[in-house]
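A short worksheet on the structure shown next.
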Amino acid sequence: MIVRIIGEGQFEVPADHLEELNRLDDQLMKTVDAGDDGSFTTALQALLTSVRTAGSELPLDYLGPSDLVLPGPDATIEEVREVLGDEGLIPG
Amino acid sequence: MGLMKRFSYIFKAKASKQLDKYEDPRETLDYSYEKQLELLQKMRRGVADVATSRKRIELQAQQLQASAAKLEGQAKQAVAQNREDLAREALTRRETIAAQLGDLQVQHDQLKAEETKLIDASQRLQAKVESFRTRKETIKATYTAAEAQTKIGEAVSGISEEMGDVGMAMQRAEDKVASMQARSGALDELMASGALEDYASSGDRLQAELNRGAGSSEVELELARLKGELGGAPAKQISAPASTPSPTPTEDQR
């Protein structure tokens, strides 16, 4: 499974790590909904650290789409909402 | 739905828009490659823009530092002259400048961070564009259209994802530079005609007063010396002949 961290690159993460990522992702989404900047940053760091430690960075010239995409470590709730903005309500 | 999936959807949606543009998917390859080269060019200009803004801030900081050092020197001079009022004035101005310097430092660090990110991003994009160029030629040589289409899909999605990533870095840097330019423009105006110019000229007024202070104390010293000479010497000269009429006037004249 390939995960992109925006501004950092792509990581190859073992598929069995997905459950842990989903758990951290749920927590992250809650902070976005709550609009709490402090806990958003904490939750985002936890998720990114999990990707970085469980995964291995792909070479720069690797060319392929990612299965999951994550905002970079210094993203703010506002920026995330802006990205989600027009297309954030895609049903899924 | 979680944030990861939503983000991924957005990136994928952008990629598939690009793929849908042409009937012959091979055209997508060339079109996409053109876009990549354009973006690389744009990135290089972006890096240069950020560097220019950063240098401008560095220049402003140098000017402010020079002003602060001057005011510090003036404050010391004022204290030496026992002019606490002038020292206070100089230190107050230096305080204002110090606050502005602090603000500039924060802006500088932010720009520096954006610059580093842009350079990293352009290196990643450069590597991927190179890889895309090679892949593009291989795909064009592929036998079946169906096979080519799958490979094109992968390559274009991969590169457009990177381009989306880089695009966000660019946008961020542009926003930072724009707000920085507005602020440093305001500071330039301040330095050129506003309050900071006043600091300089009133700083000079401060200097003039300090000089007057220094001048007057020198005058006092000179006066005291002359008084001492005039007050002491005539008395000696008058009393000298009286007490010692002996041959020592040549020594006195030296």
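The values are calculated or read from the model by the stated rules, or taken from the named source; none is laboratory data. Just so it is clear, the model here is predicted, and its values are computed rather than measured. All Cβ positions, even for glycine, are placed from backbone atoms using ideal geometry, and neighbour counts span all protein chains on display. Surface accessibility is based on the protein's heavy atoms, side chains included, excluding ligands, DNA and RNA. Shrake-Rupley method; radii C 1.70, N 1.55, O 1.52, S 1.80 Å.
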Residues being under 17 Å from the mean Cα position of the chain (by Cα) and among the hydroxyl-bearing types (Ser, Thr, Tyr) - total across segment B:28-63: 2
Verdict on residue B:140 being touching an Asp or Glu at 6+ places or on another chain (Cβ under 6 Å), open to solvent by less than 80 Å² (accessible area, probe 1.4 Å) and modelled with pLDDT of 75 or more: no
Testing residue B:74 on (1) in a helix (DSSP H, G or I); (2) within 30 Å of residue B:142 (Cβ to Cβ); (3) away from chain A (no Cβ under 14 Å), one condition comes back false. Which one is that? (2)
Criterion: closer than 23 Å to residue B:46 by Cα, part of a helix (DSSP H, G or I) and at pLDDT 85 or above - qualifying residue of B:186, B:155, B:127, B:182: B:127
Test result for residue B:111, open to solvent by less than 30 Å² (accessible area, probe 1.4 Å), over 23 Å from residue B:7 (Cβ atoms) and either assigned to a loop (DSSP other than H, G, I, E, B) or hydrophobic (A, V, I, L, M, F, W, C) (or both): yes
Checked against (1) within 14 Å of chain A (Cβ to nearest Cβ); (2) open to solvent by 20 Å² or more (accessible area, probe 1.4 Å); (3) free of Cβ contacts under 8 Å to residues at least 60 places away in the same chain, residue B:14 satisfies every condition except (3)
What's the number of the condition residue B:90 fails, among (1) buried (at least 20 other Cβ atoms within 10 Å of the Cβ); (2) in contact with a Leu (Cβ under 9 Å, 6 or more places away or on another chain); (3) more than 24 Å from residue B:206 (Cβ to Cβ)? (3)
Just one listed residue, out of B:173, B:148, is of a type outside the set (D, E, K, R), under 16 Å from the mean Cα position of the chain (by Cα) and crowded, with 17+ Cβ neighbours inside 10 Å, and it is B:173
Looking only at segment B:36-56, decide whether some residue is in contact with a Lys or Arg (Cβ under 7 Å, 6 or more places away or on another chain), more than 14 Å from every other protein chain (Cβ to nearest Cβ) and farther than 29 Å from residue A:44 by Cβ. no
Kindly list, by first and then second residue, each pair from a residue in segment B:90-112 that is closer than 12 Å to residue B:71 by Cβ to a residue that is of a type in the set (Phe, Trp, Tyr) and surrounded by 15 or more Cβ atoms within 10 Å (Cβ to Cβ), limited to pairs with Cβ atoms under 6 Å and residues at least 6 apart or on different chains. B:93/B:199
